[in-house]
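Comments concern the structure below.
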Amino acid sequence: MPRQAAAAVAAEAVMEVEEVGEPEDQEERWARLLPELLSEVVRRVEASGCERWPARKDVVSCACVCRRWREAAVAVVRPPAESGKITFPSSLKQPGPRESPMQCFIKRNKKNSTFFLYLGFTNSPMDKGKFLMAARRFRRGPHTEYIISLDAEGLSQGSHAYMGKLRSDFWGTNFKIYDSKPPYDGAKASSSRSSRRFGSRRISPQVSAGNYEVGQISYKYNLLKSRGPRRMYCTLECPSTQETWDNALKTKFRKPTGPTILRNKAPRWHEHLQCWCLNFHGRVTVASVKNFQLVAAADPSDPTSTVDEETVLLQFGKVDDDIFTMDYRQPLSAFQAFAISLSSFGTKLACE
(Lines give C-alpha, C1' and ligand atoms only; values in the text may rest on other atoms or scores of the structure.)
Protein backbone atom coordinates (compact mmCIF):
# COMPACT_ATOMS: atom_id res chain seq x y z
CA MET A 1 0.00 0.00 0.00
CA PRO A 2 1.30 3.56 -0.72
CA ARG A 3 0.71 4.70 2.86
CA GLN A 4 2.62 1.75 4.27
CA ALA A 5 5.49 2.24 1.84
CA ALA A 6 5.80 5.91 2.74
CA ALA A 7 5.66 5.09 6.42
CA ALA A 8 8.50 2.59 5.97
CA VAL A 9 10.61 5.18 4.14
CA ALA A 10 9.93 7.74 6.84
CA ALA A 11 10.78 5.29 9.59
CA GLU A 12 14.15 4.57 7.98
CA ALA A 13 14.93 8.27 7.62
CA VAL A 14 14.06 9.17 11.22
CA MET A 15 15.11 5.96 12.97
CA GLU A 16 17.46 7.92 15.21
CA VAL A 17 14.61 10.09 16.55
CA GLU A 18 13.08 8.83 19.80
CA GLU A 19 9.29 8.63 19.77
CA VAL A 20 7.43 10.18 22.70
CA GLY A 21 4.05 8.57 23.39
CA GLU A 22 1.95 6.48 21.03
CA PRO A 23 -0.63 8.33 18.89
CA GLU A 24 -4.03 6.71 18.64
CA ASP A 25 -4.16 6.82 14.85
CA GLN A 26 -1.39 5.67 12.49
CA GLU A 27 -2.09 8.36 9.88
CA GLU A 28 -2.20 11.07 12.55
CA ARG A 29 1.22 9.98 13.83
CA TRP A 30 2.89 10.56 10.47
CA ALA A 31 0.95 13.77 9.89
CA ARG A 32 2.30 15.22 13.15
CA LEU A 33 5.95 15.03 12.17
CA LEU A 34 7.79 18.32 12.53
CA PRO A 35 7.75 20.27 9.22
CA GLU A 36 11.55 20.29 9.06
CA LEU A 37 11.70 16.55 9.67
CA LEU A 38 8.94 15.87 7.16
CA SER A 39 10.71 17.90 4.47
CA GLU A 40 13.95 16.05 5.19
CA VAL A 41 12.19 12.69 4.74
CA VAL A 42 10.83 13.70 1.34
CA ARG A 43 14.18 15.17 0.30
CA ARG A 44 15.94 11.92 1.14
CA VAL A 45 13.43 9.91 -0.87
CA GLU A 46 13.75 12.31 -3.83
CA ALA A 47 17.56 12.12 -3.69
CA SER A 48 17.74 8.36 -3.19
CA GLY A 49 18.48 7.68 -6.83
CA CYS A 50 14.90 7.06 -7.94
CA GLU A 51 15.38 8.74 -11.29
CA ARG A 52 13.07 6.39 -13.15
CA TRP A 53 10.05 4.19 -12.52
CA PRO A 54 9.29 1.89 -10.78
CA ALA A 55 11.65 3.20 -8.08
CA ARG A 56 10.10 6.66 -8.40
CA LYS A 57 6.83 5.38 -6.96
CA ASP A 58 8.34 5.97 -3.49
CA VAL A 59 7.96 9.73 -4.03
CA VAL A 60 4.29 9.25 -4.94
CA SER A 61 3.86 7.04 -1.87
CA CYS A 62 5.04 9.91 0.32
CA ALA A 63 2.54 12.28 -1.27
CA CYS A 64 -0.27 9.77 -0.67
CA VAL A 65 0.09 9.68 3.12
CA CYS A 66 -1.94 12.81 3.88
CA ARG A 67 -2.32 16.48 2.98
CA ARG A 68 0.81 17.60 4.88
CA TRP A 69 2.93 14.97 3.17
CA ARG A 70 1.54 16.02 -0.20
CA GLU A 71 2.43 19.66 0.49
CA ALA A 72 5.95 18.63 1.50
CA ALA A 73 6.32 16.57 -1.68
CA VAL A 74 5.19 19.54 -3.80
CA ALA A 75 7.79 21.75 -2.12
CA VAL A 76 10.60 19.28 -2.86
CA VAL A 77 9.69 17.62 -6.15
CA ARG A 78 10.05 19.94 -9.12
CA PRO A 79 7.90 20.01 -12.29
CA PRO A 80 9.05 18.29 -15.50
CA ALA A 81 10.31 21.57 -17.00
CA GLU A 82 12.89 21.80 -14.19
CA SER A 83 13.51 18.19 -13.19
CA GLY A 84 13.01 16.34 -16.47
CA LYS A 85 10.90 13.81 -14.56
CA ILE A 86 7.24 12.82 -14.63
CA THR A 87 6.13 12.13 -11.07
CA PHE A 88 2.47 12.99 -10.45
CA PRO A 89 -0.56 12.71 -12.77
CA SER A 90 -0.59 16.51 -13.00
CA SER A 91 2.91 16.33 -14.55
CA LEU A 92 1.30 15.01 -17.72
CA LYS A 93 -0.23 18.42 -18.42
CA GLN A 94 2.87 20.45 -17.62
CA PRO A 95 5.59 21.53 -20.10
CA GLY A 96 8.40 19.08 -20.70
CA PRO A 97 12.11 19.87 -20.27
CA ARG A 98 13.76 22.50 -22.45
CA GLU A 99 17.26 21.10 -23.07
CA SER A 100 16.59 17.43 -23.80
CA PRO A 101 13.31 15.82 -24.90
CA MET A 102 11.21 13.51 -22.76
CA GLN A 103 11.42 10.13 -24.47
CA CYS A 104 8.20 8.10 -24.64
CA PHE A 105 6.66 5.45 -26.85
CA ILE A 106 3.17 4.47 -27.96
CA LYS A 107 1.87 0.92 -28.34
CA ARG A 108 -1.09 0.40 -30.66
CA ASN A 109 -3.68 -2.37 -30.42
CA LYS A 110 -5.44 -2.54 -33.79
CA LYS A 111 -8.03 -5.07 -32.61
CA ASN A 112 -9.78 -2.69 -30.21
CA SER A 113 -8.44 0.64 -31.54
CA THR A 114 -6.54 1.50 -28.37
CA PHE A 115 -3.24 3.32 -27.87
CA PHE A 116 -1.02 3.24 -24.78
CA LEU A 117 1.60 5.87 -23.91
CA TYR A 118 4.67 4.82 -21.90
CA LEU A 119 7.67 6.66 -20.51
CA GLY A 120 11.20 5.52 -21.28
CA PHE A 121 12.00 3.55 -24.44
CA THR A 122 15.39 1.83 -24.69
CA ASN A 123 14.82 -0.04 -27.97
CA SER A 124 14.72 -3.22 -25.91
CA PRO A 125 11.68 -5.52 -25.98
CA MET A 126 12.31 -6.20 -22.29
CA ASP A 127 11.72 -2.55 -21.36
CA LYS A 128 8.01 -2.24 -20.62
CA GLY A 129 8.30 1.42 -19.65
CA LYS A 130 6.06 3.33 -17.27
CA PHE A 131 2.40 3.58 -18.28
CA LEU A 132 1.25 7.20 -18.54
CA MET A 133 -2.00 7.43 -20.52
CA ALA A 134 -4.24 5.49 -22.85
CA ALA A 135 -6.64 6.40 -25.65
CA ARG A 136 -9.39 4.63 -27.57
CA ARG A 137 -10.80 5.56 -30.95
CA PHE A 138 -14.57 5.84 -31.31
CA ARG A 139 -16.75 6.69 -34.28
CA ARG A 140 -19.31 9.43 -33.48
CA GLY A 141 -21.44 9.85 -36.60
CA PRO A 142 -19.31 11.69 -39.18
CA HIS A 143 -16.60 12.37 -36.57
CA THR A 144 -13.86 10.29 -34.96
CA GLU A 145 -12.96 10.78 -31.29
CA TYR A 146 -9.99 9.61 -29.27
CA ILE A 147 -10.86 9.46 -25.56
CA ILE A 148 -7.70 9.95 -23.44
CA SER A 149 -7.57 8.56 -19.89
CA LEU A 150 -5.21 7.89 -17.01
CA ASP A 151 -6.79 4.44 -16.70
CA ALA A 152 -6.05 1.86 -19.39
CA GLU A 153 -9.41 0.21 -18.62
CA GLY A 154 -11.58 3.29 -17.99
CA LEU A 155 -11.53 4.64 -21.53
CA SER A 156 -14.76 6.63 -21.52
CA GLN A 157 -15.67 10.26 -21.08
CA GLY A 158 -17.66 9.35 -17.97
CA SER A 159 -14.63 7.82 -16.24
CA HIS A 160 -13.09 9.57 -13.23
CA ALA A 161 -9.72 9.16 -14.99
CA TYR A 162 -10.83 11.08 -18.11
CA MET A 163 -8.06 13.45 -19.27
CA GLY A 164 -9.49 14.91 -22.44
CA LYS A 165 -10.14 13.97 -26.04
CA LEU A 166 -9.16 14.50 -29.66
CA ARG A 167 -11.96 15.01 -32.20
CA SER A 168 -11.62 14.94 -35.99
CA ASP A 169 -13.77 16.11 -38.85
CA PHE A 170 -15.19 13.77 -41.51
CA TRP A 171 -12.14 14.09 -43.76
CA GLY A 172 -9.68 13.33 -40.96
CA THR A 173 -7.70 16.48 -41.78
CA ASN A 174 -8.79 18.81 -38.97
CA PHE A 175 -8.73 17.98 -35.27
CA LYS A 176 -9.58 19.72 -32.03
CA ILE A 177 -7.97 18.93 -28.66
CA TYR A 178 -10.17 19.16 -25.57
CA ASP A 179 -8.90 19.21 -22.00
CA SER A 180 -11.01 17.88 -19.13
CA LYS A 181 -9.91 20.83 -16.98
CA PRO A 182 -9.97 24.58 -17.60
CA PRO A 183 -6.62 25.71 -19.07
CA TYR A 184 -6.86 29.09 -17.35
CA ASP A 185 -9.12 30.96 -14.95
CA GLY A 186 -12.41 31.87 -16.57
CA ALA A 187 -12.20 29.36 -19.43
CA LYS A 188 -15.59 28.12 -20.61
CA ALA A 189 -16.31 24.47 -21.31
CA SER A 190 -17.62 23.46 -24.71
CA SER A 191 -19.96 20.90 -23.15
CA SER A 192 -22.23 20.59 -20.12
CA ARG A 193 -20.36 17.64 -18.63
CA SER A 194 -18.80 19.74 -15.89
CA SER A 195 -20.22 18.25 -12.73
CA ARG A 196 -17.99 15.18 -12.62
CA ARG A 197 -15.06 15.27 -10.23
CA PHE A 198 -11.85 13.35 -10.07
CA GLY A 199 -11.58 10.78 -7.32
CA SER A 200 -10.63 12.22 -3.96
CA ARG A 201 -7.75 9.77 -3.60
CA ARG A 202 -5.88 11.17 -6.60
CA ILE A 203 -3.02 13.57 -6.08
CA SER A 204 -4.53 16.07 -8.49
CA PRO A 205 -6.98 18.36 -6.69
CA GLN A 206 -10.72 17.92 -7.18
CA VAL A 207 -11.80 20.25 -9.95
CA SER A 208 -14.72 20.31 -12.31
CA ALA A 209 -14.17 18.18 -15.40
CA GLY A 210 -15.55 19.12 -18.80
CA ASN A 211 -14.33 19.70 -22.33
CA TYR A 212 -12.24 22.82 -22.89
CA GLU A 213 -10.79 23.42 -26.33
CA VAL A 214 -7.02 23.86 -26.01
CA GLY A 215 -5.70 23.19 -29.49
CA GLN A 216 -6.28 22.56 -33.17
CA ILE A 217 -4.41 20.39 -35.66
CA SER A 218 -4.79 20.62 -39.42
CA TYR A 219 -3.38 18.60 -42.29
CA LYS A 220 -3.10 20.42 -45.60
CA TYR A 221 -5.52 19.26 -48.28
CA ASN A 222 -3.99 17.34 -51.15
CA LEU A 223 -6.96 16.43 -53.30
CA LEU A 224 -4.85 16.12 -56.47
CA LYS A 225 -2.52 13.61 -54.80
CA SER A 226 0.60 15.47 -55.88
CA ARG A 227 3.83 13.91 -54.69
CA GLY A 228 5.01 15.01 -51.27
CA PRO A 229 4.75 14.28 -47.53
CA ARG A 230 1.94 15.37 -45.27
CA ARG A 231 1.97 18.97 -44.10
CA MET A 232 0.50 19.77 -40.72
CA TYR A 233 -0.03 22.80 -38.49
CA CYS A 234 -0.93 23.04 -34.81
CA THR A 235 -2.26 25.92 -32.73
CA LEU A 236 -2.13 25.22 -28.99
CA GLU A 237 -2.78 26.81 -25.63
CA CYS A 238 0.38 25.73 -23.82
CA PRO A 239 0.83 25.92 -20.02
CA SER A 240 2.99 28.83 -18.86
CA THR A 241 6.41 27.82 -17.57
CA GLN A 242 6.39 30.86 -15.27
CA GLU A 243 3.69 29.47 -13.01
CA THR A 244 4.64 28.14 -9.60
CA TRP A 245 4.63 24.38 -9.01
CA ASP A 246 1.76 24.83 -6.56
CA ASN A 247 -0.33 26.37 -9.31
CA ALA A 248 0.93 23.79 -11.76
CA LEU A 249 -0.55 20.98 -9.66
CA LYS A 250 -3.95 22.51 -10.31
CA THR A 251 -3.18 22.10 -14.03
CA LYS A 252 -4.34 25.69 -14.55
CA PHE A 253 -2.64 28.95 -15.34
CA ARG A 254 -3.99 32.31 -14.31
CA LYS A 255 -4.61 33.84 -17.73
CA PRO A 256 -4.38 32.96 -21.42
CA THR A 257 -0.75 32.99 -22.59
CA GLY A 258 -1.45 33.31 -26.30
CA PRO A 259 -1.31 30.54 -28.91
CA THR A 260 1.73 28.43 -29.66
CA ILE A 261 1.96 27.67 -33.39
CA LEU A 262 3.78 24.59 -34.69
CA ARG A 263 4.39 23.21 -38.16
CA ASN A 264 5.98 20.04 -39.42
CA LYS A 265 9.66 20.24 -40.31
CA ALA A 266 10.03 19.92 -44.06
CA PRO A 267 11.88 16.75 -45.11
CA ARG A 268 14.41 16.71 -47.93
CA TRP A 269 14.20 14.58 -51.04
CA HIS A 270 16.93 11.93 -51.25
CA GLU A 271 17.72 11.23 -54.89
CA HIS A 272 19.60 8.01 -54.27
CA LEU A 273 16.93 6.51 -51.99
CA GLN A 274 14.08 8.14 -53.90
CA CYS A 275 12.24 9.10 -50.74
CA TRP A 276 11.67 12.00 -48.34
CA CYS A 277 14.08 11.98 -45.38
CA LEU A 278 14.27 13.47 -41.89
CA ASN A 279 16.96 12.92 -39.26
CA PHE A 280 15.30 11.25 -36.26
CA HIS A 281 18.68 10.54 -34.60
CA GLY A 282 18.04 6.80 -34.38
CA ARG A 283 14.66 7.10 -32.63
CA VAL A 284 12.67 6.13 -35.75
CA THR A 285 13.61 3.07 -37.80
CA VAL A 286 10.65 2.34 -40.10
CA ALA A 287 9.57 4.56 -43.00
CA SER A 288 5.96 5.70 -42.64
CA VAL A 289 3.74 8.54 -43.75
CA LYS A 290 2.86 8.92 -40.06
CA ASN A 291 6.40 10.00 -39.11
CA PHE A 292 6.81 13.71 -38.40
CA GLN A 293 8.78 16.37 -36.55
CA LEU A 294 7.19 19.60 -35.31
CA VAL A 295 9.00 22.91 -34.87
CA ALA A 296 7.85 26.36 -33.81
CA ALA A 297 6.29 28.55 -36.49
CA ALA A 298 6.09 32.33 -36.59
CA ASP A 299 2.73 33.87 -35.78
CA PRO A 300 1.35 35.19 -39.09
CA SER A 301 -0.60 37.88 -37.21
CA ASP A 302 2.65 39.25 -35.72
CA PRO A 303 5.27 39.92 -38.43
CA THR A 304 7.81 41.04 -35.81
CA SER A 305 7.78 37.75 -33.89
CA THR A 306 10.89 35.58 -34.01
CA VAL A 307 10.95 31.88 -33.15
CA ASP A 308 13.45 29.03 -33.18
CA GLU A 309 12.47 27.08 -36.30
CA GLU A 310 15.24 24.47 -35.95
CA THR A 311 14.66 22.87 -32.54
CA VAL A 312 12.31 19.89 -32.81
CA LEU A 313 9.59 20.20 -30.15
CA LEU A 314 7.75 16.96 -30.95
CA GLN A 315 9.04 13.93 -32.80
CA PHE A 316 6.89 10.94 -33.65
CA GLY A 317 7.76 7.89 -35.70
CA LYS A 318 7.45 4.18 -36.28
CA VAL A 319 9.88 1.55 -34.94
CA ASP A 320 7.76 -1.60 -35.30
CA ASP A 321 4.37 -2.67 -36.64
CA ASP A 322 2.53 -1.29 -33.61
CA ILE A 323 5.21 0.63 -31.69
CA PHE A 324 5.96 4.33 -32.21
CA THR A 325 8.35 6.66 -30.39
CA MET A 326 7.13 10.04 -29.14
CA ASP A 327 9.67 12.58 -27.88
CA TYR A 328 8.53 16.00 -26.72
CA ARG A 329 9.90 19.06 -24.97
CA GLN A 330 8.87 22.49 -23.71
CA PRO A 331 6.41 24.13 -24.29
CA LEU A 332 4.43 20.94 -25.01
CA SER A 333 3.05 18.68 -22.31
CA ALA A 334 2.76 14.89 -22.51
CA PHE A 335 -1.01 15.22 -22.91
CA GLN A 336 -0.67 17.62 -25.85
CA ALA A 337 2.08 15.57 -27.50
CA PHE A 338 -0.01 12.40 -27.16
CA ALA A 339 -3.08 14.08 -28.66
CA ILE A 340 -1.08 15.43 -31.61
CA SER A 341 0.48 12.01 -32.20
CA LEU A 342 -2.93 10.33 -32.18
CA SER A 343 -3.99 12.59 -35.05
CA SER A 344 -1.41 10.86 -37.23
CA PHE A 345 -3.23 7.51 -37.02
CA GLY A 346 -6.04 6.68 -39.39
CA THR A 347 -6.78 7.48 -43.00
CA LYS A 348 -6.63 11.06 -44.24
CA LEU A 349 -9.22 11.12 -47.02
CA ALA A 350 -7.93 14.40 -48.46
CA CYS A 351 -4.21 13.92 -47.85
CA GLU A 352 -1.54 11.76 -49.35
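The values are calculated or read from the model by the stated rules, or taken from the named source; none is laboratory data. Here the structure is a predicted model, which means the values were calculated and not measured. So basically every Cβ, Gly included, is an ideal-geometry build from the backbone, and we count neighbours across all protein chains shown. SASA here: full protein model, heavy atoms, side chains in, ligands and nucleic acids out. Shrake-Rupley method; radii C 1.70, N 1.55, O 1.52, S 1.80 Å.
Just give me the residues in region 55-90 being part of a loop (DSSP other than H, G, I, E, B), open to solvent by less than 10 Å² (accessible area, probe 1.4 Å) and farther than 16 Å from M133 by Cα, in sequence order.
Within region 55-90, R56, V65, V77 qualify.
May I ask you to list pairs of residues, at least six apart or on different chains, whose Cβ atoms are under 6 Å apart, with the first in region 65-93 being of a type in the set (D, E, K, R) and the second being open to solvent by 20 Å² or more (accessible area, probe 1.4 Å)?
Listed pairs, sorted by first residue: R68/A31.
Looking only at region 142-156, filter to residues that are over 16 Å from the mean Cα position of the chain (by Cα) and free of Cβ contacts under 8 Å to residues at least 40 places away in the same chain; which one of those is most open to solvent (accessible area, probe 1.4 Å)?
Among residues in region 142-156 that are over 16 Å from the mean Cα position of the chain (by Cα) and free of Cβ contacts under 8 Å to residues at least 40 places away in the same chain, the one most open to solvent (accessible area, probe 1.4 Å) is E153.
Could you identify the single residue in K128, K165 that is under 20 Å from the mean Cα position of the chain (by Cα), open to solvent by 60 Å² or more (accessible area, probe 1.4 Å) and within 27 Å of L313 (Cα to Cα)?
The conditions single out K128.
Looking for something at pLDDT 95 or above and open to solvent by less than 20 Å² (accessible area, probe 1.4 Å) - is there at least one such residue anywhere in region 180-193?
So far as region 180-193 goes, no, none of its residues is at pLDDT 95 or above and open to solvent by less than 20 Å² (accessible area, probe 1.4 Å).
So how many residues does region 91-119 have that are surrounded by 21 or more Cβ atoms within 10 Å (Cβ to Cβ) and small (G, A, S)?
2
Could we say that E36 is modelled with pLDDT of 85 or more and either acidic (D, E) or outside any helix (DSSP H, G or I) (or both) here?
Yes: the conditions hold for E36.
Quick one: what pairs do we get from region 294-312, first residue of a type in the set (D, E, K, R), second open to solvent by less than 40 Å² (accessible area, probe 1.4 Å) and modelled with pLDDT under 80, C-beta under 8 Å, 6+ apart or different chains?
D299/S305
Exactly one condition in (1) open to solvent by less than 40 Å² (accessible area, probe 1.4 Å); (2) modelled with pLDDT under 95 is false for N174; which is it?
Single failed check for N174: (1).
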